[in-house]
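The values are calculated or read from the model by the stated rules, or taken from the named source; none is laboratory data. Since the model is a prediction, treat every value here as computed from it, not as a measurement. Backbone-built Cβ (ideal geometry, glycine too); neighbour counts: all protein chains shown. With ligands, DNA and RNA removed, areas are computed over all heavy atoms of the protein, side chains included. Shrake-Rupley method; radii C 1.70, N 1.55, O 1.52, S 1.80 Å.
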Amino acid sequence: MYLSRTGFGGELGYELFLTDPSDAAELWRAIVGAGATGFGAEAIEILRVEAGLIVTDYDYEAHQRSPYDFNLDRMIAIDKDVDFLGKDALKAQASSPENRFVTLRYEADELPEYGATVSKDGAEIGVLTSPTDSPRFGKIGLAIVPTAEARKGNTVDIAVGEGTITGTVDDLPIYDTEKTRPRS
């Protein structure tokens with residue numbers, strides 16, 4: 001087994017990776033017997049959205065988005081004397097990234113779907129990648145919107161059912177913005 005001090009939800013956590021899955025039931029009984037309480041993936045999903053963490057095939061679709069779309073500017077080594085595939089394309093985007101990753105707050109009786117359209121003045125401008133109902137913050141979601149619409153307090157429309165609701169851009173992440181919990 002490998003033990004990793006990480007957490008899918010952005011909290012201080014530990015992940016166990018078994019080299020032999022046949023040991024899973026025995027390990028689970030030992031952990032629960034020691035006092036741990038299990039919870040489902042939905043609880044972790046809420047924490048992930050609050051923490052602003054990206055998940056492939058929900059927030060990120062391979063070859064469809066740029067690292068700039070996810071505010072990963074600091075991880076792109078375009079100023080280094082190292083060549084890599086796509087470096088020229090990233091250089092071209094560096095000074096004026098087209099999109100940004102944001103948290104949207106909204107009021108709704110029902111949650112929007114994953115991948116719901118985000119619009120402004122009737123025109124499609126982005127996508128709500130990961131909606132959730134947070135006990136701490138209410139209805140929130142992660143979205144990719146044009147940089148011009150990504151400022152805190154800006155409003156956009158989010159598709160829900162046959163209509164739309166208003167979403168307001170907020171901090172990303174919305175919870176533990178300095179990531180002090182995982183560092184503790």
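Key figures
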item: Selection count, region 123-143, where residues are open to solvent by 10 Å² or more (accessible area, probe 1.4 Å) and among the aliphatic types (A, V, I, L, M); result: 3
item: Checking PHE84 against (1) in contact with a Gly (Cβ under 9 Å, 6 or more places away or on another chain); (2) over 22 Å from PHE8 (Cα atoms), the condition it does not meet; result: (1)
item: Test: residue in region 29-36 that is within 20 Å of the chain's Cα centre (by Cα) and either open to solvent by 70 Å² or more (accessible area, probe 1.4 Å) or among the hydroxyl-bearing types (Ser, Thr, Tyr) (or both); result: no
item: Where a residue in region 8-29 is modelled with pLDDT of 90 or more and among the polar types (S, T, N, Q) and its partner, wherever it lies, is in a loop (DSSP other than H, G, I, E, B) and open to solvent by 100 Å² or more (accessible area, probe 1.4 Å), with Cβ under 8 Å and at least six apart; result: THR19/MET1
item: Close pairs from region 66-86: first in a helix (DSSP H, G or I), partner of a type in the set (Val, Ile, Thr), Cβ under 6 Å, at least 6 apart; result: PRO67/ILE76; ASP69/ILE144; PHE70/ILE54
item: Within region 137-184, strands (runs of 3 or more DSSP E) holding 1 or more residues that are of a type in the set (Asp, Glu) and under 19 Å from ARG48 (Cβ atoms); result: 163-170
item: Contacts under 9 angstrom Cβ, first residue in region 110-131 being closer than 12 Å to ALA159 by Cβ, partner of a type in the set (Lys, Arg), 6 or more apart; result: LEU111/LYS139; PRO112/LYS139; GLY126/LYS120; PRO131/LYS139
item: Meets criteria (part of a helix (DSSP H, G or I), at pLDDT 90 or above and open to solvent by less than 70 Å² (accessible area, probe 1.4 Å)) for ALA43; result: no
item: Tally, over region 90-135, of residues that are over 19 Å from GLY52 (Cβ atoms), of a type in the set (Ser, Thr, Tyr) and part of a loop (DSSP other than H, G, I, E, B); result: 2
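Conditions tested, residue by residue: (1) open to solvent by 80 Å² or more (accessible area, probe 1.4 Å); (2) over 27 Å from LEU142 (Cβ atoms); (3) of a type in the set (D, E, K, R).
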| site | (1), (2), (3) |
| --- | --- |
| GLY13 | no, no, no |
| LEU18 | no, yes, no |
| PRO21 | yes, yes, no |
| ALA24 | no, yes, no |
| GLU50 | no, no, yes |
| ASP57 | yes, no, yes |
| ASP81 | yes, yes, yes |
| ASN99 | no, no, no |
| ASP109 | yes, no, yes |
